[in-house]
Amino acid sequence: MSDETQATPPNQRLARLITRQAQKRHLASLWAEVAGLAQGMVVLDIGAGSGALTLEYAPIIGPAGQLIALEPDRECLDYIRTEAARRGIALHVLQGTAEALPSLPAPPDRVMLTDALHHINQPIVALRAIHAAMAPHGILFIAEYDPAGPGVVGAKLSRRTYPNDLAGMLIAAGFKISASANAPDEHYTMIATP
Ligand SMILES: C[S@@+](CC[C@H](N)C(=O)[O-])C[C@H]1O[C@@H](n2cnc3c(N)ncnc32)[C@H](O)[C@@H]1O
């Protein structure tokens, strides 16, 4: 699904975010493939931002699936809600943080944590909360900017987390690492299971 016509942004900060995240929309299909998104799954997208990637997951999980967007920012949430309604996408929207994960409508089969970890103040607290909320068969998919990259796109180099450090945090939070790989636009991905 691709739709460049977005609802009118309520302010400039949100407008900038919408523009920036729309430029990353092409990554959604790759993230979905690597995470193994499929019809009928419950998918939780943590730190959904403007929802540019979140809403791309809707046709992949289909009407039998359940798409949940978690985001602390009220303006982003209002925008995602409006955009989902405009595009006829059923979306469960939650305001909150990964550290204090609100109760979910169902245990997620997949948790998507893409370009959000470097925004989270207490990553291990967040990863423990995610671990506790996941279905036993679930998968946590993480995409982050690689500190080994040149720093031309994405988060500042100083805010990036090395894959080994992320693996250590995941293990400390109770996860097992099942895969890690380099990915486009200075990213790496990691798959973890509870
Ligand atoms: C760079 S955006 C990532 C958007 C999208 N996931 C993507 O892949 O492009 C990071 C988002 O994380 C949100 N965020 C910040 N702190 C958070 C927290 N503690 N828990 C969950 N999300 C958080 C921010 O509000 C922001 O919308």
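How large is the dipole of the chain about the Cα centre if only Lys and Arg carry +1 and Asp and Glu carry -1, each at its Cβ, rounded to the nearest 20 debye?
So the magnitude is around 200 debye.
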Under a crude label model (7 Å from the Cα following the beta-carbon direction), how far is residue 193 from residue 29 in nanometres? 2.8 nm
Give, in nm to one decimal, the length gained when the segment between residue 165 and residue 20 is fully stretched (0.36 nm per residue of separation minus the Cα-Cα distance). 49.5 nm
Run through segment 97-183 and list the trypsin sites (Lys or Arg not before Pro) located in a DSSP loop whose Cβ has at most 10 other Cβ atoms within 10 Å. 156
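If you stretched the chain out fully between residue 74 and residue 38, how much longer would it get, using 0.36 nm times the residue separation minus the C-alpha to C-alpha distance?
10.1 nm
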Go ahead and run the numbers for FRET between residue 92 and residue 125, Cβ-Cβ distance against an R0 of 22 Å, rounding to 0.05. 0.45
Specify which residue in the list 172, 149, 41 is farthest towards the positive end of the charge dipole of the chain, using unit charges on the beta carbon of Lys, Arg (+1) and Asp, Glu (-1), about the Cα centre. 172
Quick one: what does P(r) look like for the chain with 10 Å bins over all Cα pairs, in whole %? 9, 39, 39, 12, 0
Per-residue [θ]222 nm for the chain (sum of -39500 (n - 2.57) over DSSP H runs n ≥ 4, rounded to 500): -8500 deg cm²/dmol
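Read-outs: derived from the displayed coordinates by stated rules, not from any lab. Everything numeric in this text was worked out from a predicted model, so none of it was measured. Glycine gets a Cβ as well: all are built from the backbone with ideal geometry, and neighbour counts include every protein chain shown.
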